[in-house]
Amino acid sequence: MIGGNMAKASDLDLESGFATKAVHAGQNPDPCTGAIMPPVYLTSTFAQSRLGEHGEFEYARTNNPTRETLEKNLAALEGAYFAHAFGSGMAATTAVLSLLKPGDHVVCGENVYGGTHRIMTRFFERLGLKFSFADTRDLDKIDDAITFNTKLIFVETPSNPMMHLTDLSAVAVLARDRGLTVVVDNTFATPYFQKPVELGCEVVIHSTTKYLNGHSDVVGGIVVTTRADQSEQLSFLQNAAGAIPGPWDCWLTLRGVKSLPLRMRQHDESGQTIANWLEKHSAVERIFYPGLKSHPQHGLACQQMSGFGGMISVDVGSFERAKALVEETRIFALAESLGGVESLIGHPASMTHAGLSDEEREKIGISKGLVRLSVGIEDTEDLLEDLDQALQTATLK
Ligand SMILES: *Cc1c(COP(=O)(O)O)cnc(C)c1O
């Protein structure tokens, strides 16, 4: 069914510049009306001309034109031909892991999104998949974790919330030598700043909930792949398992993506200014931001990323200080999630990574004093002032 249900970016979509692709890839004026923006096809089914004869679309779980437009657009942004949209980032991860069979082994980064760790250890292990969690900053540790039945290497870079990086070209070479697939969770960097496919990785996933949609009004996910056989299986899973996004969500995400380059430039500019300022602040004991020269993997960041974005973690030394900081900010809202136009602040140990045990958190470095910032696109000065007043209160604790 290649070309039927599989969303495939055209060569034209893959050739223009990134910002042009963000606005246009996969989208042409509507042939019926000339509408310049893709319509939201609010329909669950499509009429058949005769019994057994249907057009390109049949039933909206299988495919929907708005969803297909989003898939073509995101495939083009990641520089791949195929993309499959899901109802959340976790549904995208679940689809990728569903390509495996009992006994298959996955080497996963030890500091991945808490929900990724949870679905692996509390669901897929039960179905017979095997997982090893390794510090993927170190290529030797990945190599050591590989066994005879390893099928996938799953990495998140930069990682949430410790901003650990994985050398994507090196992992891609290692995987190619061993006949393994590399899956990269590219949610933090986005294809604007990091292109895993260009670096040799086969599969990229996103929580489109975050930077790609960028406006904190949709939950969604995408799996991008360079391989037609994987695309076919993912297409099968969209239809057979049904964890698909609705057309409205696809349309909102498409609209969000159009301004991705502009937003990412601002997240990055403010992110760098705020990280530099926080690094010098007396209340900050440690800071984790790949754009800082003091980040132990700054060299790698400059090599494989073209910007560092708006995610910053700081350790303010104690739970009491962290609590005061996240509760005292006025512009930075205390909330889960990240990557929207608005600034958010969170406490990983009790929020995104609450599902991990104390030992698991300690091993990765997620202390009780760790606070994570998602720097939005508000005025940088206002954000600095907000953090300054909240840190003053935190210091008194
Ligand atoms: C949020 C997030 C996810 C999960 O995505 P949902 O859309 O919330 O299901 C996966 N990976 C990373 C890095 C995330 O930040």
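The values are calculated or read from the model by the stated rules, or taken from the named source; none is laboratory data. Worth saying up front: this structure is predicted, and the values here are computed from it rather than measured. Because the Cβ atoms are built from the backbone with ideal geometry, glycine has one as well, and the counts that use them run over all protein chains shown. What goes into the accessible areas is simple: the full protein's heavy atoms, side chains included, and nothing from ligands, DNA or RNA. Shrake-Rupley method; radii C 1.70, N 1.55, O 1.52, S 1.80 Å.
Determine the pairs where a residue that is open to solvent by less than 30 Å² (accessible area, probe 1.4 Å), located within the stretch 8-22, has a partner that is part of a loop (DSSP other than H, G, I, E, B) with Cβ atoms under 8 Å apart, the partner being 6 or more residues away or on another chain.
A9/A25; A9/G26; A9/A80; A9/Y81; D13/A25; D13/G26; A22/S259
Within the stretch 275-296, is even one residue crowded, with 22+ Cβ neighbours inside 10 Å, under 17 Å from the mean Cα position of the chain (by Cα) and not aromatic (F, W, Y)?
Yes, there is a match, as at least one residue in the stretch 275-296 is crowded, with 22+ Cβ neighbours inside 10 Å, under 17 Å from the mean Cα position of the chain (by Cα) and not aromatic (F, W, Y).
Take the residues of the stretch 199-219 that are of a type outside the set (V, I, T) and closer than 19 Å to G179 by Cβ: which is nearest to the ligand (Cβ to nearest atom)? Give the steps one after another, and end with the answer.
As a first pass, look at the stretch 199-219 and keep what is of a type outside the set (V, I, T): 199-202, 206-207, 210-217.
Restricting the remaining residues to those that are closer than 19 Å to G179 by Cβ gives 199-202.
Values: L199: 18, G200: 21, C201: 15, E202: 18 Å.
Only one residue fits best here, namely C201.
Yes or no, residue by residue, for (1) of a type outside the set (F, W, Y); (2) more than 16 Å from the ligand (Cβ to nearest atom); (3) more than 17 Å from K363 (Cβ to Cβ):
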position: S98; (1), (2), (3): yes, no, yes
position: P102; (1), (2), (3): yes, yes, yes
position: L129; (1), (2), (3): yes, yes, yes
position: D135; (1), (2), (3): yes, yes, no
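Could you say which residue among A335, A301, A354 is at pLDDT below 95 and either open to solvent by less than 10 Å² (accessible area, probe 1.4 Å) or within 15 Å of the ligand (Cβ to nearest atom) (or both)?
Working: A335 fails: at pLDDT below 95; A301 fails: at pLDDT below 95.
Among A335, A301, A354, only A354 is at pLDDT below 95 and either open to solvent by less than 10 Å² (accessible area, probe 1.4 Å) or within 15 Å of the ligand (Cβ to nearest atom) (or both).
Keeping to the stretch 34-44, report how many residues are of a type in the set (S, T, Y) and surrounded by 13 or more Cβ atoms within 10 Å (Cβ to Cβ). Working first, answer last.
Initial filter on the stretch 34-44 (of a type in the set (S, T, Y)): 41, 43-44.
From the residues that got through so far, the ones that are surrounded by 13 or more Cβ atoms within 10 Å (Cβ to Cβ) too are 41, 43.
Result for the stretch 34-44: 2.
Considering only the stretch 245-270, state which residues are within 22 Å of V184 (Cβ to Cβ) and either hydrophobic (A, V, I, L, M, F, W, C) or open to solvent by less than 20 Å² (accessible area, probe 1.4 Å) (or both).
P245, T253, G256, V257, L260, P261, R263, M264, H267
Quick one: would you say E378 is assigned to a loop (DSSP other than H, G, I, E, B), open to solvent by 30 Å² or more (accessible area, probe 1.4 Å), within 16 Å of the ligand (Cβ to nearest atom) and of a type in the set (D, E)? Write out each step before concluding.
Values: assigned to a loop (DSSP other than H, G, I, E, B): yes; open to solvent by 30 Å² or more (accessible area, probe 1.4 Å): yes; within 16 Å of the ligand (Cβ to nearest atom): no; of a type in the set (D, E): yes.
No; evaluated as a whole, the condition is false for this residue.
Condition first: assigned to a loop (DSSP other than H, G, I, E, B), open to solvent by 10 Å² or more (accessible area, probe 1.4 Å), among the hydrophobic types (A, V, I, L, M, F, W, C) and within 25 Å of T209 (Cβ to Cβ). Can you find one or more residues in the stretch 54-77 that meet it? It would help to see each step written out before you state the result.
Keep residues of the stretch 54-77 that are assigned to a loop (DSSP other than H, G, I, E, B), which gives 54-58, 60-64.
If we keep only those that are open to solvent by 10 Å² or more (accessible area, probe 1.4 Å) as well, we get 54-58, 60-62.
Of the ones still in play, those that are also among the hydrophobic types (A, V, I, L, M, F, W, C) are 57, 60.
Pick out the ones that are also within 25 Å of T209 (Cβ to Cβ) and you get 60.
Yes; the residues of the stretch 54-77 include at least one that is assigned to a loop (DSSP other than H, G, I, E, B), open to solvent by 10 Å² or more (accessible area, probe 1.4 Å), among the hydrophobic types (A, V, I, L, M, F, W, C) and within 25 Å of T209 (Cβ to Cβ).
With the requirement that a residue be open to solvent by 30 Å² or more (accessible area, probe 1.4 Å) and either outside any helix (DSSP H, G or I) or touching a residue at least 12 places away in the same chain (Cβ under 8 Å) (or both), what does the stretch 104-122 give you? Don't jump to the end; show me each part of the working.
To start, the set of residues in the stretch 104-122 that are open to solvent by 30 Å² or more (accessible area, probe 1.4 Å) comprises 110, 113, 118-119, 121-122.
Scanning the stretch 104-122 gives E110, Y113, R118, I119.
In this structure, does I146 turn out to be within 12 Å of the ligand (Cβ to nearest atom) and open to solvent by 10 Å² or more (accessible area, probe 1.4 Å)? Reasoning before the result, please.
Values: within 12 Å of the ligand (Cβ to nearest atom): no; open to solvent by 10 Å² or more (accessible area, probe 1.4 Å): yes.
In short, no.
Can you confirm whether L344 is at pLDDT 95 or above, open to solvent by 10 Å² or more (accessible area, probe 1.4 Å) and either within 18 Å of the chain's Cα centre (by Cα) or aromatic (F, W, Y) (or both)? Even if it seems obvious, please write down each step before you answer.
Numbers: at pLDDT 95 or above: yes; open to solvent by 10 Å² or more (accessible area, probe 1.4 Å): yes; either within 18 Å of the chain's Cα centre (by Cα) or aromatic (F, W, Y) (or both): yes.
Answer is yes for this residue.
Take the residues of the stretch 307-320 that are open to solvent by 10 Å² or more (accessible area, probe 1.4 Å) and not hydroxyl-bearing (S, T, Y): which is farthest from S350 (Cα to Cα)?
From the stretch 307-320, those open to solvent by 10 Å² or more (accessible area, probe 1.4 Å) are 308, 315, 317-320; that's our starting set.
In the following step, the residues that additionally are not hydroxyl-bearing (S, T, Y) were identified as 308, 315, 317, 319-320.
Working: F308: 25, D315: 14, G317: 15, F319: 10, E320: 13 Å.
Here the residue is F308.
Just for the stretch 152-179: of the residues that are open to solvent by 20 Å² or more (accessible area, probe 1.4 Å) and out of contact with any helix residue (DSSP H, G or I) (no Cβ under 8 Å at 6 or more places or on another chain), which one is farthest from T93 (Cα to Cα)?
Within the stretch 152-179, the match that is farthest from T93 (Cα to Cα) is D177.
Count, please, the residues in the stretch 90-103 that happen to be of a type outside the set (G, A, S), over 13 Å from Q238 (Cα atoms) and open to solvent by 10 Å² or more (accessible area, probe 1.4 Å). Break it down stepwise before answering.
At the first step, the residues of the stretch 90-103 found to be of a type outside the set (G, A, S) are 90, 93-94, 96-97, 99-102.
Filter once more, keeping what is over 13 Å from Q238 (Cα atoms): 90, 97, 100-102.
Filter again for open to solvent by 10 Å² or more (accessible area, probe 1.4 Å), leaving 90, 100-102.
Count: 4.
Does A80 satisfy the criteria of being part of a loop (DSSP other than H, G, I, E, B), crowded, with 22+ Cβ neighbours inside 10 Å and either out of contact with any helix residue (DSSP H, G or I) (no Cβ under 6 Å at 6 or more places or on another chain) or at pLDDT 95 or above (or both)? Let's see the steps before the verdict.
On the way: part of a loop (DSSP other than H, G, I, E, B): yes; crowded, with 22+ Cβ neighbours inside 10 Å: yes; either out of contact with any helix residue (DSSP H, G or I) (no Cβ under 6 Å at 6 or more places or on another chain) or at pLDDT 95 or above (or both): yes.
Answer is yes for this residue.
Determine which member of the set K363, K323, K368 is open to solvent by 10 Å² or more (accessible area, probe 1.4 Å), more than 24 Å from P290 (Cβ to Cβ) and in contact (Cβ under 8 Å) with a residue 24 or more places away in the chain. Show your work before the answer.
On the way: K363 fails: more than 24 Å from P290 (Cβ to Cβ); K368 fails: more than 24 Å from P290 (Cβ to Cβ).
Selected residue: K323, the only one of K363, K323, K368 that is open to solvent by 10 Å² or more (accessible area, probe 1.4 Å), more than 24 Å from P290 (Cβ to Cβ) and in contact (Cβ under 8 Å) with a residue 24 or more places away in the chain.
Would you pick out the residues in the stretch 213-229 that are over 13 Å from P245 (Cβ atoms) and either of a type in the set (K, R) or within 12 Å of the chain's Cα centre (by Cα) (or both)?
G214, V224, R227
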